[in-house]
Protein chains: 2
Amino acid sequence: MSRNKRTELIRKSLDLFYRNGFHATGMDLVAKETGVSKTSIYKHFRTKEDLILAVLRLRDEDFRNRLIRRMEDLSDTAEGQLMALFDALEEWFQQAGFQGCMFIKASAEFQQKEHPINVQAMEHKRLLLEHFTALAEAAGFENPRDLACQILVLKEGAIVLAAMSHSCDPASDARKAAQVLLRNHPKNDP
Amino acid sequence: MSRNKRTELIRKSLDLFYRNGFHATGMDLVAKETGVSKTSIYKHFRTKEDLILAVLRLRDEDFRNRLIRRMEDLSDTAEGQLMALFDALEEWFQQAGFQGCMFIKASAEFQQKEHPINVQAMEHKRLLLEHFTALAEAAGFENPRDLACQILVLKEGAIVLAAMSHSCDPASDARKAAQVLLRNHPKNDP
DNA sequence: TCAAACATGAACAGATCGGTCAATCTTTTC
DNA sequence: GAAAAGATTGACCGATCTGTTCATGTTTGA
């Protein structure tokens, strides 16, 4: 199987898992919808869990790259990019197929602390937190990690509420809150 | 079946669904663990979905009552209670069986907008938001609904991150953020 | 006390679950 | 162009899924 076909398979599986959930999506459906026979799928992925992990790896790269690039497109400054996070979120919420955060959902279905799927979901959040921390540091804030943690809490809360309510409003709620946090967070001496 | 037995059945089912997830918990297991035969369960609940809805109704009452009472125990003032929310959350995160918010997880597994389970999960969040709004109003804040929405975003974000990371830290992150929000939110003229 | 109401276990449907197999079909390689 | 290697297929495995049937207890109330 070529690398392209493999990626295609993962991408189509991603759509299915994202729309229907992990437990609720059977491998027969994956085979039917991807056009790849179950035997072939299992040649490349030992178990369903392995396929899910591959899906999450792809999603992590895709999502993080797109989000960060969008934040950079929306602003030139580190502080502006932190605020732009919430505009990017709102754009995402408005997209047709928006169904919440794939990692939150994965973690909800495989919640044991040491489960590889939960570990991978956590890793995604950790990488995002690293980026927010770097931005907060570049913007000259004291305790950049603290501020980044608060931004992350706002982001996750907004995603969960937007997915549940099928509304974009939580994005602006989170943005307003972030605005206040940024304005009041102490900065380093120049 | 007596009312007590019925409640007992729902409560034990709640534990199972909360620990293992909804799709991942079969009705045979529910029958075995509750000690109620499958036949009897289906006498009282037409479908598994009906049982889940009953579980969520119980959870809503239980959780909301406990949370609100704890906030009231921790503070006498409306503003203090809003802050105490995050102390109550932290206590919850520390409890042995903490596995995140049951409604977020239910919504993640049954995410279609009009699905009764998702509707019920949304209703739980709506009721919490009402309470936060009332507190914000009682505390004399302008735009109490706005402030309450921001508090709710912080709460949901903290729960999701705490469940995923199996850590209590998001509670204090959210509390610090809430502190800043409350301090800077405009108040009505006296 | 006797019958109506309810609860039970075990077996059974029919579908679907994750995963495998031998038999084919394609592609590569010499 | 033939042989080796890899990919694909549909049928199949045993287990489990939600939900039902039935014949047999067990409560319960008048």
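Observations on the structure shown:
- Members of the stretch A:160-175 that are surrounded by fewer than 19 Cβ atoms within 10 Å (Cβ to Cβ) and assigned to a helix (DSSP H, G or I): A:165, A:169, A:172
- Single residue of A:77, A:25 found to be under 23 Å from the mean Cα position of the chain (by Cα) and in the same structural domain as residue A:4 (by TED's automatic domain parsing): A:25
- Among the residues of the stretch B:34-52, the ones that are more than 7 Å from DNA strand D (Cβ to nearest atom), open to solvent by 40 Å² or more (accessible area, probe 1.4 Å) and in a loop (DSSP other than H, G, I, E, B) come to 2 in all.
- From the list B:148, B:88, B:121, the one residue that fits, being touching a residue at least 60 places away in the same chain (Cβ under 8 Å) and of a type outside the set (D, E, K, R), is B:121.
- Picking from residues in the stretch B:2-12 that are more than 10 Å from DNA strand D (Cβ to nearest atom) and over 22 Å from residue B:95 (Cβ atoms), the one that is least open to solvent (accessible area, probe 1.4 Å) is B:9.
- The residues on offer are B:86, B:103, B:132, and the sole one that is away from every other protein chain (no Cβ under 11 Å), among the aromatic types (Phe, Trp, Tyr) and either under 14 Å from the mean Cα position of the chain (by Cα) or buried (at least 16 other Cβ atoms within 10 Å of the Cβ) (or both) is B:132.
- Every residue from the stretch B:13-33 that is away from chain A (no Cβ under 14 Å), open to solvent by 70 Å² or more (accessible area, probe 1.4 Å) and within 8 Å of DNA strand D (Cβ to nearest atom): B:28
- Among the residues of the stretch A:163-172, none qualifies, meaning not one is more than 25 Å from residue B:148 (Cα to Cα) and without any contact (Cβ under 8 Å) to a residue 40 or more places away in the chain.
- Checked against (1) within 14 Å of chain B (Cβ to nearest Cβ); (2) in contact (Cβ under 8 Å) with a residue 12 or more places away in the chain, residue A:78 passes all but a single condition, namely (1).
The values are calculated or read from the model by the stated rules, or taken from the named source; none is laboratory data. Quantities reported herein were computed from a predicted structural model and do not represent experimental measurements. Every residue, glycine as well, gets a Cβ built from its backbone with ideal geometry; the counts of neighbours run over all protein chains shown. What goes into the accessible areas is simple: the full protein's heavy atoms, side chains included, and nothing from ligands, DNA or RNA. Shrake-Rupley method; radii C 1.70, N 1.55, O 1.52, S 1.80 Å.
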